[in-house]
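Everything on this sheet refers to the single structure shown next.
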Amino acid sequence: MSFWKDKTLEQMTDAEWESLCDGCARCCLVKLEDADTGEVHYTSLVCDLLDVERCRCTQYPRRHELVPDCIEFTPDLAATLGWLPDTCAYRLLAEGLDLPAWHPLVSGRRESVHEAGISVRGRVIPVRMVPEDEHEDHVIDWVGT
């Protein structure tokens, strides 16, 4: 059943909403905002709570408590967060688009997001490993961002 085609984001159950996450972990990337232009730059640094191999939060139920600036996605936010990657299911559906073939809900396989090169697996390091004054050295262009 393709519930994402039949329901709006607001109509989805909690389980359906959570299943939209493809496991790319791009939302866990450290992003730097240019103070003058407001432009957001992605880095190769990720939240310290991210399991970089599985691309999953190690403290998912407590993430907002442990990382106060961790965003809790809502249907309203999905349509307005400009820094969400173009590949993000929440953003795609909020914009009236369909899920790509590599999305686990479409492919039926969790690994498809990694095989498609969409996830951060193998391309990131935890932010705790880099001094803050060196974060700018890790700005990178991500495909589909």
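The numbers here are math on the coordinates, done by the rules we state, and not lab data. These numbers come from a predicted model, not from an experiment. A quick note on method: Cβ atoms are made from the backbone with ideal geometry, for glycine too, and the neighbour counts reach across all protein chains shown.
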- Message: Show me the ranking of peptides 12-22, 122-132 by mean Cβ neighbours inside 10 Å, starting with the highest.
- Response: 12-22, 122-132
- For region 1-132, what proportion of DSSP beta bridges, expressed in % and rounded to the nearest 5, is antiparallel? 75
- Item | Extension gain from residue 31 to residue 76, taking 0.36 nm per residue of separation minus the Cα-Cα distance | 14.1 nm
- Query: How far apart, in nm, are two points set 7 Å out from the Cα along the Cα-to-Cβ line at residue 13 and at residue 115?
  - Reply: 2.8
- Check residue 56: other-chain or 5+ apart residues with amide H under 5 Å from its amide H, H built from backbone geometry? 51
- Would you work out which of 105, 131, 52 lies farthest towards the positive end of the dipole of region 3-138, given +1 charges on the beta-carbon of Lys and Arg and -1 on that of Asp and Glu, about the Cα centre? 105
- Message: Output wanted: per-residue J couplings in Hz (rounded whole) for region 51-58, from phi through Karplus 6.51 cos²θ - 1.76 cosθ + 1.60, θ = phi - 60°, x for Gly and Pro.
- Response: 7, 5, 7, 7, 6, 9, 6, 7
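Take the alpha carbon gyration tensor of region 72-125, find the square roots of its eigenvalues, order them as a ≥ b ≥ c, and report rounded if a/c is under 1.5; if not, report prolate when a/b exceeds b/c, else oblate.
It comes out oblate by the Cα gyration axes.
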- Note on the structure: Treating only Lys and Arg (+1) and Asp and Glu (-1) as charged, each at its beta carbon, one finds that region 55-130 has a dipole about its Cα centre, in Debye to the nearest 20, of 440
- Query: Any idea how far apart residue 51 and residue 86 come out in nm if each label point goes 7 Å out from Cα toward Cβ?
  - Reply: 3.1
- With 10 Å bins from zero, work out the P(r) of the chain over every alpha carbon pair and list the percent per bin. 11, 40, 38, 11, 1
- Query: Rounded, prolate or oblate: which one fits region 36-78, using the alpha carbon gyration tensor with axes a ≥ b ≥ c (rounded when a/c is under 1.5, else prolate when a/b beats b/c, else oblate)?
  - Reply: oblate
- Note on the structure: Computed for the chain: size of charge dipole around the Cα centre, +1 on C-beta of each Lys and Arg, -1 on C-beta of each Asp and Glu, debye to nearest 20, value 740
- Task: Would you mind calculating the gained length between residue 123 and residue 97 on full extension (0.36 nm times residue separation, minus the Cα-Cα distance), in nm to one decimal?
- Result: 6.6 nm
